[in-house]
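*Asks:* Pasting in a structure now, in structure tokens, and then I'll have a few things to ask.
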Amino acid sequence: MQITRQADYAIRAVLYLARHNDKRIATSAIAEEQRIPASFLAKIVSQLSIAGLLRTARGARGGVMLAREAKDITLLEVVEAIDGPIQLNECVGGSDVCAFSPKCSMRSIWCDAQEDLVKRLKNANFADMLADS
């Protein structure tokens, strides 16, 4: 299982903005530094902005910046803003979708694994990731 390329780009863009603290950065600079296609980055920035993670401004003094402090933005928020809610298997959303329910021996494993992943991503914030780099 892999996150999408779009989510990976979003994580790199947010981490880049976290490094530049409260400065507004041109999307062209982010795209170049992080090797993200500019058109792809525009879509990512839009989604992150709608999710309340980024603030954008147009014009000569425009650019992008974090909407909140890096310590208040989690890896889970960024991934879910791009890819939607994490769901390792469709049965994790509800046992009624599985033909083998309620006797499925895998459902509890999928549910536990998803719970662990979500918890880990929720506990990972961008300030901590900067400190680790």
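*Asks:* What is the helix-to-structure angle for 38-50, meaning the angle in degrees between its Cα long axis and the longest Cα principal axis of the chain, kept from 0 to 90 and rounded to the nearest 10?
*Replies:* That helix lies at roughly 70 degrees to the long axis.
*Asks:* For the chain, what log10 I(q)/I(0) values come out of the Debye formula at q = 0.12, 0.19, 0.20, 0.22 1/Å, with one point per alpha carbon and no solvent?
*Replies:* -0.52, -1.01, -1.09, -1.27
*Asks:* Rounded to the nearest 10 degrees, what's the angle between the helix 5-19 long axis and the longest principal axis of the chain, both from Cα atoms, 0 to 90?
*Replies:* 50 degrees
*Asks:* Please report 23, 103 as a ranked list, fewest other C-beta atoms within 10 angstrom at the top and most at the bottom.
*Replies:* Listing 23, 103 from fewest to most nearby Cβ atoms yields 103, 23.
*Asks:* In what order do 45, 64 fall by count of nearby beta-carbon atoms within 10 Å, going from fewest to most?
*Replies:* 45, 64
*Asks:* Can you tell me the relative contact order of the chain? Whole percent, Cα pairs under 8 Å, sequence separation 6 or more.
*Replies:* That works out to 28 percent.
*Asks:* Rounded to the nearest 500, what is the 222 nm mean residue ellipticity of the chain from helices alone, with -39500 (n - 2.57) per DSSP H run of 4+ residues and division by all residues?
*Replies:* Calculated mean residue ellipticity at 222 nm is -16000 deg cm²/dmol.
*Asks:* Going 7 Å from the Cα of residue 116 in the Cα-to-Cβ direction, what parts of segment 67-107 have a backbone nitrogen less than 17 Å from that spot?
*Replies:* Under cut-off, by backbone N: 87-89, 92, 106-107.
*Asks:* Counting other beta carbons within 10 Å of each residue's own, what order do 44, 3, 11 fall into, fewest first?
*Replies:* 3, 11, 44
*Asks:* For residue 22 and residue 5 in the same chain, what is the full-extension length gain: residue separation times 0.36 nm, less their Cα-Cα distance, in nm?
*Replies:* The residue 22-residue 5 span can extend by a further 3.5 nm.
*Asks:* Hey, another quick one. With each pseudo-label sitting 7 Å past Cα toward Cβ, what's the residue 57-residue 90 distance in nm, one decimal?
*Replies:* The modelled label-to-label distance comes out at 4.7 nm.
*Asks:* Quick one: helix 107-123 against the long Cα principal axis of the chain, what's the angle to the nearest 10°, folded into 0 to 90?
*Replies:* 20 degrees
We did not get these values from a lab; they are worked out from the coordinates using the rules stated. All values derive from a computational prediction rather than experimental measurement. Every residue, glycine among them, receives a Cβ derived from its backbone with ideal geometry; neighbour counts consider all protein chains shown.
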